[in-house]
Amino acid sequence: MNRQHLIFIAHMNENESVKSQKQAIMVIGSGPIRIGQGVEFDYATVHCVRAIRDAGYEAIIMNSNPETVSTDFSIADKLYFEPLTLEDVLNVIDVDRPLGIIVQFGGQTAINLAEGLQQQGVKILGTSVKNLDRAEDRESFNQAIKKLGLKQPVGMTATTQDEVIERATEIGYPVLVRPSYVLGGRAMEIIQNTAELKHYLLNNVKMAPQHPILIDSYLEGIECEVDAICDGASVLVPGIMEHIEHAGIHSGDSMAVYPSQHLSDKIKSEIVIATKKIALELKCVGLMNLQFIVHQDELYILEVNPRASRTVPFLSKVTGIKMTQVATKIILGHDLQEQGYKDGLFEEPDVIHVKAPVFSFSKLNDVDPFLGPEMKSTGEVMGTDYSFSKALYKAFIAANVNIAGNGSILLNINDKNKNEALPLVKQFVSLGYQIVTSAKMSQFFVENQVKTVTSTKSTTVDGQLNDISELIQSGTVQFVIDTLSDDHDKDSYGYQARKMAIMQHIPLFTSLQTVSAVIIALESQALTVSAL
């Protein structure tokens, strides 16, 4: 064996880490940044470390992404830039022997490590592994919700394709289908019939008993979201965020407004009560995210995530509550009262904040820009004002959505959406826009006293759009509104029209609720201009 080989072996056996005399606490990050798990968890990890260091402990971060702030050398006392696997985490624990591990600020990646770590004798700080699993496991969660007397959409689980089809038929279409223990709504879809369900099962999921498929009744309504902080006895609700888009679009892709604009005091009170019941039942210690839907003035629980969520940075900024640091101090033994916070809903401000998603579809060629239950956004921005309409306008501008005040709108609408679209189209016409749509849809609008400019063709020829392509490339179209939810094949009319809009940097909207928000913003600007 030569000298170079000996030097190489010596370096392999060398351990650069030296255990500190301080008691240490280790924080697991979120790993590689990807859609559904990104910079928001990096934000939470960094603030968690700040609280740990302020409390006098040595803070150790384990994360594996060089693009994050948490992997900057100056953030923690010690950084392990290693893969987030059970084996690698245990190797670090063997060296540093921390008092415990915090997993609730590293997204689903960190949560998924909790059970394996506990089985190896590692102490998980904050919400216990048992209660993490009660929130993640469908049957356990259903039992908790029933015990509390709360409502949720009818839901079932299945572990085989035949069972999934049987359960969906029993619940009744449309249904929301997704794998369990997933990230960012991955492989989640709204299914309208058995044929769609068979196609989904064939192309999206692998059946396994340990990871069943979840099937839920799909309810139309206003979706809203809460991040709560619990110390085991008291529950602080920093704010209730109302989604602009209705249920069916992933919360990460939805616009959201705080404080809520359309929720009654009754519903807000029910949300706070339900949040407190769930947090205490699941013995939450730290942060918890809850998502609700208001259907026919009734509140339903959609899901609970026993960890920090992607809305924590937004809500922390608009409320002034350093939510991750407050939660970390609770995990370290300092309750809400000790930190100066009261049980219940935090006082809502007069100023209005709108969160808007940012997308990178122009760089993700194989991603259909039609929005649904699976998350596709890569960032977010915020608009703030004392007026809801002006806050909306600022959010659109910040998201680089150029909502011009006149021009043409290309309208591709499903038959099932035409009645909902009608008042929106009338508002666009009153603002001076021309409407370009298919002959069939044009006839419907004309019959309802709306003048339209009909496109001569609405089908593909040899896999390419003819006049629609020329229209989009001409620069005369200001918006493309497309609700053709069934057109996902790459040679379909809806898919190609959406991709052309992205290629030409034309604002594309696939939700009529987003379109309604655009109109509110445009009307606000029209009133401002007329007043000058």
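For the reader, a short list of remarks on this structure follows.
- Residues within the stretch 413-446 that are of a type in the set (G, A, S), assigned to a helix (DSSP H, G or I) and closer than 24 Å to Y495 by Cα, tallied: 3
- The criterion of at least 2 residues that are under 30 Å from M26 (Cβ atoms) is met by the following helices (runs of 4 or more DSSP H) wholly inside the stretch 118-174: 129-136, 138-148.
Rundown of residues vs (1) buried (at least 18 other Cβ atoms within 10 Å of the Cβ); (2) at pLDDT 95 or above; (3) not assigned by TED's automatic domain parsing to the domain that holds T45, yes/no style:
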{"site": "E82", "(1), (2), (3)": "no, no, no"}
{"site": "V89", "(1), (2), (3)": "yes, yes, no"}
{"site": "Q108", "(1), (2), (3)": "yes, no, no"}
{"site": "L117", "(1), (2), (3)": "yes, yes, no"}
{"site": "E136", "(1), (2), (3)": "yes, no, yes"}
{"site": "Q143", "(1), (2), (3)": "no, no, yes"}
{"site": "L148", "(1), (2), (3)": "no, yes, yes"}
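- Residue count for the stretch 92-135 satisfying the condition of being more than 16 Å from C284 (Cα to Cα) and without any contact (Cβ under 8 Å) to a residue 12 or more places away in the chain: 4.
- Residue check for I293: touching a helix residue (DSSP H, G or I) at 6+ places or on another chain (Cβ under 9 Å), modelled with pLDDT under 95 and more than 30 Å from A55 (Cα to Cα): no
- Test: residue in the stretch 370-378 that is more than 26 Å from E189 (Cα to Cα) and acidic (D, E): no
- Meets criteria (charged (D, E, K, R) and over 20 Å from the mean Cα position of the chain (by Cα)) for K277: yes
- The one condition from (1) in a loop (DSSP other than H, G, I, E, B); (2) buried (at least 18 other Cβ atoms within 10 Å of the Cβ); (3) without any contact (Cβ under 8 Å) to a residue 60 or more places away in the chain that G383 does not meet is (1).
The values are calculated or read from the model by the stated rules, or taken from the named source; none is laboratory data. Please read these numbers as outputs of a predicted model, since none were measured by experiment. Cβ sites come from the backbone with ideal geometry, for glycine too, and all protein chains shown count toward neighbours.
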